[in-house]
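Input: a single structure, listed below in structure tokens.
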Amino acid sequence: MAALAFLLFHFVVKWAQGRFLFTTGSEYMLLGVLVGPAVVDLIDEQSLRQLSPLMSLAIGWVGLLYGASLNPQKLLGDTSGSMMVSIVASVGTFGLVFGVAWVALAHPWLGAGEDRLMGALVLGVAAMATAPVIIQLVKVRFRAEGELTSTLVQSSRLAEFLAIAAFGAIFAAFRQEAEIPWRDTPITRPEWYVISVGLGLLLGGLFRFFLKDEQDADKQFLSLVGIIVFSSGAAHYLELSPLLINMALGFSMLFNARDASSQALLEVLERTRGPMYIVLLIFAGAMWRPVALPIFVFALAYALLRGGSRLAAGWFSALTAGPSVRRDIGRGMLGQGEVAVAMALNFQLVYSDSPVSALVVTAVLASVLLNELWSARLLKGLLIDAGDIRAEGYPEPEVLAEGG
């Protein structure tokens, strides 16, 4: 029954994607819901707990992808204003969403003030996440070229870096101080953040040292799986974010990468992006639990708030970047994608007992799915208006690839 429902929904989505330009992996999330404890219980709670290392692997893989693709020299040398756009838009989006969420979560049934603060922070940081893969897909599909396209590509990648860094800070901030035998004082919360980054940089450096001359794709893939399993397992044990640790790992592993083995590693990572996103969606659906109607209403409001905040923050970021950036650049920043899904799953794994867990996870997943229904079409319209896409002479767009 679950397989039949998935296939039916999959074909419906395929038809809709062929008719309307949008990207979504909702059928895979539905599959996770169907096979999980929420419906047929094909994968029960105990099995899900046993599969948590695989979930951490998928989460860590997302962090590694963005760390490996981060090019600080290119970002620092950029003159298009993309850095200013990304920073201002990200901070503005976070501020607006966090402020509204902080007020909306002021209910006794949501628990103590710490749970309320953590929930509002996660919702704000998840709203910062963008989907560079959507921009890249529209760019390739419609042969978009121009200053605005370049600005969007660069700013979206930096936005993902800022979102992952901020998400890791939340885990470090709510991590309890820990006593260690060789120090008189416990490990403080800021030190947990330094440990997260330092562990990733160290593991990335070791990986690079031992596999610097390896060019066999299969061996590289197995080595990547091994190092990510180790780093994500360490993050889970230390109650830190595998997203942040693996982003630092990927950055350290491929910093200044120019040789053939580094390029082969990047190609391996890019080929695995789609499958890992599908794995993330399936697990996110399996981990989701049915919630009351008010939480669904909150989730819808959050998705709309996130979209409106992106548009407003994009407008303000364009003002700060100068006249060369369009004021409606926020139309190209609405997709959330894999990083937000990874954040929701990571939060669910570590803080499943929190009274705000179900609300936060439902809101983030709903926002990812809803914003991706219109983000690609709005992005295409923005690039046409900017002259980066020549509308005449192009055939009707085919469906965009699912999840990257």
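Each of PHE207, PHE221 has some number of other Cβ atoms within 10 Å of its Cβ, and from fewest to most they run PHE221, PHE207. Between SER324 and VAL91, the simple spin-label model (points 7 angstrom out along Cα→Cβ) gives 2.1 nm. Derived scalar couplings between HN and Hα for the stretch 113-125 equal x, 5, 5, 4, 5, 5, x, 5, 5, 5, 4, x, 5 Hz in order, rounded to whole Hz, by the Karplus curve 6.51 cos²θ - 1.76 cosθ + 1.60 (θ = phi - 60°), x for Gly and Pro.
Our coupling estimate for the stretch 225-240, obtained by passing each phi through the Karplus curve with A = 6.51, B = -1.76, C = 1.60 and θ = phi - 60°, is 4, x, 5, 6, 4, 5, 5, 5, x, 5, 5, 5, 5, 8, 6, 10 Hz, Gly and Pro reported as x. Distance between the pseudo-spin-label points of THR188 and SER47 (7 Å out from Cα toward the beta carbon): 4.7 nm.
Remark: the Cα gyration tensor places the stretch 24-385 in the rounded category, a/c being less than 1.5.
In a fully extended conformation the segment linking VAL225 and LEU293 would gain 20.5 nm over its present Cα-Cα distance, using 0.36 nm per residue. Here the spin labels are modelled as points 7 Å beyond Cα on the Cα-Cβ line, and at ALA38 and ALA173 they lie 2.8 nm apart.
What shape does the stretch 259-327 take by its C-alpha gyration tensor, where a ≥ b ≥ c are the square roots of the eigenvalues and a/c under 1.5 counts as rounded, a/b above b/c as prolate, and the rest as oblate?
Values: a/c = 5.51, a/b = 1.07, b/c = 5.17.
The shape class here is oblate.
Every number here is computed from the coordinates shown, using simple stated rules; none is lab data. Quick caveat: nothing in here was measured; it's all calculated off a predicted structure. Don't worry about glycine lacking a Cβ; one is built from the backbone with ideal geometry, like all the others, and counts go over all protein chains shown.
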